[in-house]
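Values in this text are rule-based calculations from the coordinates and carry no lab data. Because the structure is a prediction, the values reported are computed rather than measured. Because the Cβ atoms are built from the backbone with ideal geometry, glycine has one as well, and the counts that use them run over all protein chains shown.
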Amino acid sequence: MNRDKSALPHGWEVVPLQDVCEILDSMRIPVNVSERNTRIEGKNLDELYPYYGATGQVGWIDDFIFNGDFVLIGEDGAPFLDPFKEKAYVAKGKFWVNNHAHIVKAYVSNNFLKYYLNQVDYSDHVTGTTRLKLNQSKLRNIEVAFPPENEQHRIVTKIEELFSELDAGVAELERVRAQLKRYRQALLKAAFEGRLTEQWRRARAVELEPADVLLSRIRVQRWSRWQQQLAAWEQAVAEWEAAGKPGKKPRKPRKPKELPPLTEKELAELPELPEGWAWVRLGEIAEILGGVTKGRKLDGKKTIELPYLRVANVQDGYLDLSVVKEIEVLPEDLAKYRLVPGDILYTEGGDKDKLGRGTVWEGQIENCIHQNHVFRARVSNEFFNSKYVAYYSQTQTAKRYFFRQGKQTTNLASINMTVLSNLPLPLIPKQEQEEVIAKLETYLSTVEYLDQTIDQSLQQAAALRQAILKKAFSGQLVPQDPGDEPAAVLLERIRAEKEKNLVTNKKTPRRRRT
């Protein structure tokens with residue numbers, strides 16, 4: 001034992017975990033998902049039992065192997081090194097446990113043991129790198145500061161009283177956060193239905209260009225730009241042929257794709273827009289491109305290493321650049337996939353909440369490209385502020401479109417370039433786009449400040465929870481009672497009971513349910 005007993009109150013003892021509980025891992029029976037699904041098929045919920053894993057219930061099964069009150073603690077897959085997350089929990093009643101959780105039965109208080117195990121520093125107890133493991137030997141030798149039985153009950157009562165108050169505060173913070181989320185969506189809805197800039201627009205009605213005229217100018221510009229690119233390509237091909245066709249033939253520029261106007265059915269599902277605004281498809285006003293494919297065979301070819309964005313980097317309204325990986329590509333891929341400030345990034349999918357998440361690239365990393373699960377939309381600076389398009393992509397209107405049009409599986413969803421190209425978008429003059437952005441950012445800055453304040457408060461609540469546990473298990477949370485039976489006497493009784501159980505179990509082998 002490494003813990004200094006003299007630092008604890010009189011009557012406490014420091015013992016290994018195995019001295020104060022039974023560890024019942026030998027009774028666990030893992031059952032894979034397909035077998036569980038077969039076993040529960042056609043059965044009602046009241047015929048099923050919880051199936052537990054490392055951090056909680058992971059499914060249902062048609063039988064049970066435990067019946068009672070137990071502590072479960074992860075064997076692998078638990079957040080052992082996160083001080084603010086639980087590693088142990090109590091399971092009650094009839095249930096089944098797989099081999100990713102140790103199962104423990106305390107001789108005094110399961111709740112006391114659960115709380116104790118949730119404040120242990122596991123850094124010296126777990127092994128592994130990517131998936132940490134707490135083996136049974138390490139579990140058995142975790143030091144437990146063990147108070148008298150009556151004090152254990154007082155500690156649990158006080159912890160639950162304080163945690164109940166904390167939980168109420170956390171619930172209120174989460175309620176406010178949900179309200180902020182609804183308010184944010186209400187702001188976006190008002191912005192892209194014209195209500196946020198209604199007075200501004202009325203004051204400038206004469207000078208603002210109608211959407212149909214603006215769209216015609218956009219089309220003319222895109223067509224003219226393509227013709228310039230085509231002429232440059234023809235010149236490059238001629239030079240390539242004259243030089244004996246070294247390397248690859250220059251890539252022909254893509255012709256702007258003409259998309260059909262929105263149908264009456266599509267328009268009926270969209271909000272009504274103010275006079276002078278119009279619904280267009282994203283592909284009519286933006287050049288959309290998928291990214292570079294990972295895992296290409298490049299053996300024997302000249303390559304370069306470039307930073308690239310993955311789905312994990314593109315969040316809803318912001319970029320997470322804490323981890324940016326590099327990819328091996330051909331030198332010509334840099335020109336094709338290089339991101340430029342103002343590019344709008346969209347995610348292909350994954351979890352359903354990741355569909356079409358859009359945000360603006362601001363040139364944070366030089367020569368950065370994007371992989372094929374991230375799309376890039378590039379608009380003309382003459383007609384668009386990229387933030388306007390990105391903000392619209394965060395509206396419920398856009399999210400519903402992606403969800404309806406995306407390919408759905410059980411837990412995953414995805415969109416392709418065609419779906420993204422057909423995204424309906426309110427077309428308005430750039431002057432009004434700037435006004436929309438200015439008003440949104442004024443209001444949303446307050447929302448973001450409040451959201452950050454809530455984050456800080458939730459972190460403080462998590463830290464306070466750990467502080468309560470640390471105080472409890474150092475003997476500082478509840479008063480000691482000199483009349484309490486010392487823990488040493490309690491431990492003698494537990495040892496006697498463990499020896500008795502050991503003899504009984506040898507005579508009567510434990511039967512597994514199947």
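Quick notes
- Taking amide H as placed 1.01 Å from N in the peptide plane, ILE61 has its amide H under 5 Å from the amide H of TYR49, TYR51, each at least 5 places away in sequence or on another chain.
- Helix content alone sets the calculated 222 nm mean residue ellipticity of the chain: runs of n ≥ 4 DSSP H residues at -39500 (n - 2.57) each, divided across all residues, give -13000 deg cm²/dmol.
- Shown here are the Rg and Dmax of the Cα trace of the stretch 397-436, at 13.8, 43 Å.
- Among 319-329, 395-405, 71-81, the order from most to least packed when residues are scored by Cβ within 10 Å on average: 71-81, 395-405, 319-329
- Pairs spanning more than 31 Å between alpha-carbon atoms, out of LYS94/LYS354; LYS92/LYS470; LYS257/LYS399; LYS470/LYS498; LYS85/LYS325; LYS294/LYS399: LYS94/LYS354.
- Here the Karplus relation 6.51 cos²θ - 1.76 cosθ + 1.60, evaluated at θ = phi - 60°, turns the backbone of the stretch 445-458 into coupling constants of 4, 5, 4, 5, 5, 5, 5, 5, 4, 5, 4, 4, 5, 5 Hz, with x for every Gly and Pro.
- The protection proxy used here, the mean number of other Cβ atoms lying within 10 Å of each residue, ranks peptides 154-164, 242-252, 422-432 as follows, highest first: 422-432, 154-164, 242-252.
- Candidate cross-link partners of LYS245 among the lysines, defined by an alpha-carbon separation under 27 Å and a same-chain spacing of 8 or more, comprise LYS255, LYS297, LYS301, LYS302, LYS336.
- Whether the stretch 281-434 is rounded, prolate or oblate, judged on the alpha carbon gyration tensor where a/c under 1.5 counts as rounded: oblate
- Between amide H atoms placed 1.01 Å from N, distances below 5 Å from TRP279 occur with LEU427, all of them 5 or more places distant or on a separate chain.
- The phi-based Karplus calculation (6.51 cos²θ - 1.76 cosθ + 1.60; θ = phi - 60°) puts the 3J(HN,Hα) values of the stretch 261-278 at x, 5, 7, 4, 5, 5, 5, 5, 8, 9, x, 6, 9, x, 4, x, 8, 7 Hz, whole numbers, x for Gly and Pro.
- Evaluating 6.51 cos²θ - 1.76 cosθ + 1.60 at θ = phi - 60° for every residue in the stretch 433-440, the Karplus couplings come out as 4, 4, 5, 4, 4, 4, 5, 4 Hz, glycine and proline recorded as x.
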